[in-house]
1. With a point put 7 Å past each Cα toward its Cβ, work out how far Tyr8 is from Phe46 in nm, to one decimal.
2. Given labels modelled 7 Å from the Cα in the Cβ direction, how far is it in nm from Leu64 to Lys96?
3. How much length is gained on full extension from Leu71 to Met88, taking 0.36 nm per residue of separation minus their Cα-Cα distance?
Amino acid sequence: TEDDTGGYLTVTSNEIAWAALPWNVDSKVFYDFGANYFSGDFAIRFEFQMDVDNPLPILYFTQLIAIALDLPPKAAALHKNIVDPRPMLIQKGLIKS
């Protein structure tokens, strides 16, 4: 079953693709196997690939705590991240330049 009012999703027998999916849109694809379909433990395999021109910085939980405690960016070791989060954090007003 597909719930995609904007027509952003393309569903085939073994793949779901999307193009230009805005951040504020809810779209989902599901199939109801029924209550007794799953029995016991099972693993979920999920792969996500995002192509972006501007890579998003990834912050560690400890870095977020340091920012919340208003510690200086050097104490949070923000300069050691692969993608420097400082420009984004300054733009959002979370740290001072």
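No lab work stands behind these numbers, since they all come straight from the coordinates. Note that the coordinates shown come from a computational prediction; the quantities given were computed from them, not determined experimentally. Backbone-built Cβ (ideal geometry, glycine too); neighbour counts: all protein chains shown.
1. For the pair Tyr8/Phe46, the computed spacing is 1.7 nm.
2. Between Leu64 and Lys96, the simple spin-label model gives 2.5 nm.
3. On the way: separation 17, 0.36 × 17 = 6.12 nm, distance 1.68 nm.
Result for the pair: 4.4 nm of gain on full extension.
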